Amino acid sequence: MITFLRILTGLVLLGLVVLAAILFMPVRTTPALAALPEDYTPPEGSGEYAMRLADCSACHTAEGGVPFAGGRKIESPLGTIYSTNITPDEDTGIGSYSLDEFRAALYDGIRQDGAHLYPAMPYANYRKMSEADVRALYAFFMDEVEPVSNAGPETALPFPFNQRWGIRTWKWAALSEPGELSSTGDAAYDRGAYLVEAPGHCGACHTPRNLVMGEAGYTAMDGDFLMGGEIDGWTAPPLRGPDSAIRNWSAEDLKLYLASGRNNHAGVNGEMQLVVRDSLQYFTNEDLDAVVAYLRALGDPAAGDNAPPVDPPRTADRLDPSAGGTQAVLTAAEPGMALGPRLYLDNCNACHFVDGRGADQVFPELDGNPLVTAPSATGLIDTILNGAEVPSTTVRPYSLRMPDFGHRLSDEEVAELATFLRSAWSNSADAVTTADVTARRETAEERAAAE
Amino acid sequence: MARTEPKKDVVIVGLGWTGSIMGIEMAKQGLEVLALERGADRYTVPDFRYPDVIDELKYGVRFGFMQKPRNSTVTIRRTLQETALPYRQLGSFLPGDGVGGAGIHWNGHNWRAMENEFILRSYVEDNFGADIIPEDMTIQDWGVTYAELEPHFDRFEYMLGLSGQAGNVNGQIIEGGNPFEAPRSRDFPLPPLKQTYDATLFADAARAMGYHPFPRPAANASGVWTNEYGMQLGPCNYCGFCERYGCLNYSKASPQTCILDALRRMPNFSYRTNSEVLRVDLAEDRQTATGVTYWDEEAQEEVFQPADIVMLCAYSLHNVHLMLLSGIGEPYNPATGEGVTGKNYAYQMNGGTTLFFKDKLFNPFIGAGANGMSMDDFAINQIDFAAEGFIGGSYITAGVTNGQPIRGIGLPSGTASWGEEWKTAITEWYGHSMSIGSHGSNMAYRDCYLDLDPTYTDRHGRPLMRMTFNWKPNDIRMTQFMRSKIEPIAESMNPDTWQSSYKGEGAQYDVRPYQTTHNVGGAIMGDDPNTSVVNRYLQAWGQHNLFSLGAAAFPQNIQYNPTGVVGALAYWAADAITRDYLPNPRPLV
């Protein structure tokens, strides 16, 4: 799939090269969306808060590194991209950026020297941020962050992706109108729309990509917006539509998940852990409510904020119906039981229990869990192999960890277990093969070796 | 040459239960707090992860989470005439090691002491006369009352997410709870655990004899719980690996599950592991502590850590050891009865009856550390000391508290402990036995105490602490009384055979078999500097910026497991320090 996309994208880019040559002309940057006075001073604390909303630190901080000094590896379909130093260091950071140059990076993906930034930097979303937040961010990075000298590794993608001028043509095809947001006129919805569509850049992962690898929509007005995407092989679940798990969550559960990475149904996993750790837990109560109001309106426009959640669609338990279904099979624990449920009893049952419901806010529910039933089983496989951890947050400081099982289960066993989970209780998702597991284990090993 | 670290507001010695409580409560006041822990750091994952931690040989038999005697131990003798020898192999008691301390490997038995236990000497004198107190018994009042501690018991229990059933809420007796308990201000945070078969049989038999069984208070969560710090517990799955193990399931209350991740988030709190405190340093006039000196295992050097307040939160024995080494309080002298530091070391008097049933299967692989039913019909507030001829009491209890396959199998006495006969017996009796135990008080005596050993030193060249302890007739009479109450209950249950194990006349303290890790006293609290080491707020009488937490403060041992009182005293002290000491540092009494 990735190879296919590479070829396809390459062809599209090559075709556009000719056009780019013809249209050789100076890059025009997007002006400020609102005219603020020259001497405008952002309110105290608004810069750091805008940074939290935009989650700059998740990408621009290496694992265990100095905040904002860059160097984090980002695995993209095009290859490995290294984030840059955005501390105000004159030589290796952004210390010499003017406000207009800073805005051009945020809105148009243009570096100070005029080079085009890879779209791993979500300027496709940031170009909808308000001028007040841009000013706040600029002030924060110039005045509140300590400069750190760190050149970091250079991003070196293979041809043709190393031809940054090609990105210009990509931008013509992929970007939408700056500042354009969905709106219903409801204050909470509109604030939520701003947070999700602009600084929160939720669509960067949760919106499917189109043929040129652009997001297939940027606001709630686009039908494909937030309909689910993929990141690093994991499914980024849909946040709207019939397959969205969160439309079955109460407003309270959704809010707790955003603020703490856990609720009565799920624990945060994958890249989303960083979002909760570095961004969402710092949202004000009002902003969390706004995001919840927006997402619930998206998921089920009739629901509104305070309506009860939609009844979860439970398909019939299809595991061994003659034996009474999953819970009965696990409870009976017959010695001759199949390998999948046996592995579940021996490895998972202590926390997640025979009903697959876990325990509120502590042990995630596996029945109906979007990670378990995702189109791509990669997230589930990785979680079984490597374990998981919900981040420590203000409202729930406990960094609850699930241990790794890769050291004691073979690839065949992980595949059996994952297949069982994807078909147990009311779950109904495709089987997992041993080859799927082997591939993920190898990927993890390769990455570890490359560190 | 010792290095000196930048000064802190508070330095805490030991990061177990009391160190974690004091750490978070002091850090909440905005103070710069540093905790020094001699052992390693520990997290549920990877240190207690499933299934690695349920390795009975590694942790149950070889004491993986305990202090190694080669690094830290005491010498022990039974009488003033004996020569003490080092406790070279763990047996009778098991001090914990590492972050979380004994709070990771306890069973979760969490009790409140009775009202009369805090005023024991006054209670005895007022009700039975001073002349019933044996001449060598040195019991004292605590200087604090149950009523004063009640809000702090309550807070500690809600922090733990305690499972149980109240028997007395504000004086109203609640059916199914302990009718003899001191009044509590509200019910338990979580309902009782489910009961195992043996506990149910015991409770039925006890009820039939007119007794009042109730579910044992358990710090093993019966459901999900979020505490005042936002920390979370998940429901216990009755795996049976509590005592000697860290909980794999986020179910047993411990510093890890209840406090530490919240504490680690606080920027004004930090901790250093592998940092063993060697002594408390005092100012020249000895009126205050200036900090502590510790051994940095990594750097292999001594470090002086200055601080405005020093809190001793190590295991009870180590708190006393540090005080003796640092010249805090006058060392107790058993010959004259003068001096205070090391005075009134006490232990716990337990006994039990094991019942064997050929036709009953107890599923002993299902259990929880504090699972079980208990009764307080012969508790310390229910006994006529003058009539019975002893001072003390016990709770009586049954339940599967561990499901460990090797150590958990009861066999009839006289069975071979190895070989063919043992194997046959194991096959015959596994799952067919249960026990009824008594867990009782232990009084303080003139010649049961702690001091520095004249001969043996530790790896840092410091004298080891010497424990002088033996069983006394008063406490043996107490446990024999319990035997006389338990055996009829056992007989009423019609077992095929049964056997008892209670200390008898002339019993000597034997350090080899495990008994209990409830070592108390030595840095006792009270209202008189001539008879106690710390005042009612656990503040050293001689150095107002030095506090000593934990069970070393008990003037004699209560009839219950000590953790509930240790926790309540920690919150009581934290409250006094926050309200009264920090605004105006001085002796609080």
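Computed from the coordinates by the stated procedures, all read-outs in this text should not be read as laboratory data. It should be emphasised that the depicted structure is a prediction, and the values quoted were computed from it without experimental measurement. Here the Cβ positions follow ideal geometry from the backbone for every residue, glycine too, while neighbour counts run over all protein chains shown.
What trypsin sites (Lys or Arg not before Pro) does segment B:451-505 have in DSSP loop regions with at most 16 other beta carbons within 10 Å?
B:ARG459
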0 to 90° range, to nearest 10: angle between helix A:411-423 axis and chain A longest Cα axis = 90
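Give me the net charge of B:VAL10's neighbourhood, meaning all other residues with Cβ under 11 Å from the Cβ of B:VAL10; Lys, Arg count +1, Asp, Glu -1.
-2
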Pair B:ASP126, B:GLU428: separation of 7 Å Cα→Cβ label points (nm) = 5.5
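Based on the mean of other beta carbon atoms within 10 Å per residue, what is the order of B:186-193, A:286-293, most packed first? The partial results should precede the final answer.
Numbers: B:186-193: 18.8, A:286-293: 20.6.
Descending packing order for the listed peptides: A:286-293, B:186-193.
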Could you list the residues of segment B:345-360 with an amide nitrogen less than 16 Å from a label point located 7 Å from the Cα of B:ASP496 in the Cα-to-C-beta direction?
-> B:354-360
Check: C-alpha center segment B:1-67 vs C-alpha center segment B:270-285, spacing in Å is 15
Calculated from backbone phi, Karplus (6.51, -1.76, 1.60) coupling profile of segment B:406-417 in Hz, x at Gly/Pro | 7, 8, x, 9, x, 10, x, 4, x, 5, 4, 8
Estimated inter-spin distance, B:ALA387 and A:SER376, nm [label 7 Å along Cα→Cβ] | 7.8
Within-12-Å neighbourhood charge of A:GLN361 [Cβ basis; K, R +1; D, E -1] = -2
Between 0 and 90°, nearest 10: helix B:473-492 axis offset from chain B longest Cα axis | 30
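To the nearest 0.05, what FRET efficiency results for B:ALA208 and B:SER413 with a Förster distance of 30 Å applied to their C-beta separation?
On the way: r = 27 Å, r/R0 = 0.91.
Efficiency computed from Cβ-Cβ geometry: 0.65.
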Amide H contacts under 5 Å for B:TYR395, placed H, 5+ residues apart = B:HIS439
Site B:ARG264, offset 7 angstrom along Cα→Cβ, radius 17 Å on amide nitrogen, limited to segment A:364-396, gives A:387-396
With Cα atoms, 0 to 90° folded angle of helix B:17-27 axis to chain B main axis = 40
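Tell me the mean residue ellipticity at 222 nm calculated for chain B from its helices only (DSSP H runs of n ≥ 4, each -39500 (n - 2.57), averaged over every residue, nearest 500).
Numbers: 12 runs with 119 residues, N = 589.
Theoretical 222 nm ellipticity from helices: -6000 deg cm²/dmol.
If you take the beta carbon distance between A:ALA132 and A:GLN112 as r and set R0 to 25 Å, what does 1/(1 + (r/R0)^6) give as a FRET efficiency, to the nearest 0.05? Don't skip to the answer; put the middle values down first.
Values: r = 23 Å, r/R0 = 0.91.
That pair, A:ALA132 with A:GLN112, gives E of 0.65.
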Between the alpha-carbon centers of segment A:44-73 and segment A:401-451, tell me the distance in whole angstrom.
-> 32
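Taking each pair of different alpha-carbon atoms in segment A:82-216 once, compute 1/r for the pair, average those values, and report the inverse of that mean as the Kirkwood hydrodynamic radius in Å to one decimal. Mind dumping the intermediate values first?
Values: mean 1/r = 0.0622 Å⁻¹.
Its Kirkwood hydrodynamic radius stands at 16.1 Å.
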At q = 0.09, 0.11, 0.12, 0.13 Å⁻¹, what log₁₀ I(q)/I(0) does a Debye calculation on the Cα points of chain B give, no solvent, two decimals?
-> -0.65, -1.01, -1.23, -1.47
Could you calculate, for segment A:42-154, the ratio of the Cα radius of gyration to the Kirkwood radius, expressed as Rg to Rh?
-> 0.93
Rounded to whole Å and sorted largest first, list the principal axis extents of the Cα atoms in chain A.
-> 73, 48, 39
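For segment A:216-298, state the average projected area of the convex hull of the C-alpha atoms over all orientations, rounded to one decimal in nm².
One quarter of the hull surface, i.e. the mean projection, equals 5.5 nm².
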log₁₀ I(q)/I(0) of the protein assembly as shown at q = 0.06, 0.08 Å⁻¹, via Debye over equal Cα point scatterers, no solvent, to two decimals?
-> -0.54, -0.90
What lysines could a cross-link reach from A:LYS128, if we take a straight Cα to Cα line under 29 Å and drop same-chain neighbours fewer than 8 places away?
-> A:LYS73, A:LYS171, A:LYS255
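Considering every residue in A:388-399, what mean count of other chain Cβ atoms within 10 Å of its Cβ is obtained?
Shielding by partners across A:388-399 averages 5.
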Mean other chain Cβ within 10 Å across A:173-186 is 0
Got a sec to turn the phi values of segment B:425-442 into Karplus ³J(HN,Hα) couplings, 6.51 cos²θ - 1.76 cosθ + 1.60 with θ = phi - 60°, whole Hz, x for Gly and Pro?
-> 5, 4, 4, 6, 10, 4, x, 10, 10, 8, 10, 10, x, 10, 10, x, 5, 9
How many nm is it between the label spots at B:GLU175 and B:THR4, if each spot is 7 Å from the Cα in line with the beta carbon?
-> 6.9
Descending packing, highest mean Cβ count within 10 Å first, for A:111-121, B:365-375 is B:365-375, A:111-121
Which far-off residues, 5 or more places away or on another chain, put their amide H under 5 Å from the one on B:TYR456, with H placed in the peptide plane?
-> B:LEU464
Find out how many positive minus negative residues lie around B:GLN515, taking Lys and Arg as positive, Asp and Glu as negative, among other residues whose Cβ is under 15 Å from that of B:GLN515.
-> +2
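FRET efficiency for A:GLU63 and B:SER185, Cβ-Cβ distance as r, R0 = 60 Å, nearest 0.05? It would help to have the intermediate numbers written out before the result.
Values: r = 47 Å, r/R0 = 0.79.
It comes to 0.80.
Give the average, rounded to an integer, of partner chain Cβ atoms located within 10 angstrom of each Cβ in B:264-270. The partial results should precede the final answer.
Values: counts 3, 5, 1, 0, 0, 0, 0.
Taking all residues of B:264-270 together, the mean is 1.
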Karplus-derived 3J(HN,Hα), 6.51/-1.76/1.60, for each residue of segment B:360-369, Hz, glycine and proline x | 10, 10, 9, 6, x, 7, 9, x, 9, x
Along chain B, longest interval not containing exposed GluC sites (Glu not before Pro), exposed being DSSP loop plus at most 10 other Cβ atoms within 10 Å | B:299-504
Segment B:533-550 scanned against label point 7 Å out from B:ASP447 along Cα→C-beta; backbone N under 15 Å for none
Once amide H atoms are placed 1.01 Å from N in the peptide plane, what residues at a sequence separation of 5 or more from B:ARG279, or on another chain, have their amide H within under 5 Å of its amide H?
-> B:THR293
Tensor-based shape of segment B:1-119 (alpha-carbon gyration tensor, a/c under 1.5 rounded, otherwise prolate or oblate) = rounded
